[in-house]
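Q: Sharing a structure below in structure tokens format, with a few things to ask.
The values are calculated or read from the model by the stated rules, or taken from the named source; none is laboratory data. Bear in mind that the values here come from a model prediction, so they are computed numbers and not experimental data. Cβ: placed from backbone, ideal geometry, glycine included. Neighbour counts: every protein chain shown. Accessible surface areas use protein heavy atoms only, side chains included; no ligands, DNA or RNA. Shrake-Rupley method; radii C 1.70, N 1.55, O 1.52, S 1.80 Å.
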Amino acid sequence: NKMTAWEPVYEDASDLVARFPIIAAFIYNLKYKGDKQTPIDPKLDMGANFAHMIGQSEQYKDVARMYFILHSDH
């Protein structure tokens, strides 16, 4: 059915977008931190969690939040 064919694709795309910060943090840590990976903190939002995973300060967590909010509409 053409009316519902997009639903699985939308679900897969949403899953991939949700994993981008984890993949980006992994690559950053692999390149700049000697492969020292930091696990996800489930109490943090996406921007703060990205900053946490790359080992940045508390102030950077606010910057990451703002960045993800400003660029989420693109």
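Each row is one residue, and each column tells you yes or no for (1) in contact with a helix residue (DSSP H, G or I) (Cβ under 6 Å, 6 or more places away or on another chain); (2) open to solvent by 100 Å² or more (accessible area, probe 1.4 Å); (3) not basic (Lys, Arg).
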residue: Thr4; (1), (2), (3): no, no, yes
residue: Ile22; (1), (2), (3): no, no, yes
residue: Asn29; (1), (2), (3): no, no, yes
residue: Tyr32; (1), (2), (3): no, yes, yes
residue: Asp45; (1), (2), (3): no, no, yes
residue: Met53; (1), (2), (3): yes, no, yes
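Q: Please identify the pairs in which a residue from the range 58-74 that is touching a residue at least 60 places away in the same chain (Cβ under 8 Å) and open to solvent by 100 Å² or more (accessible area, probe 1.4 Å) has its Cβ atom under 7 Å from the Cβ atom of a residue that is in a helix (DSSP H, G or I) and basic (Lys, Arg), counting only partners at least 6 apart or on another chain.
A: Close Cβ pairs (under 7 Å, with a partner that is in a helix (DSSP H, G or I) and basic (Lys, Arg)) do not exist here.
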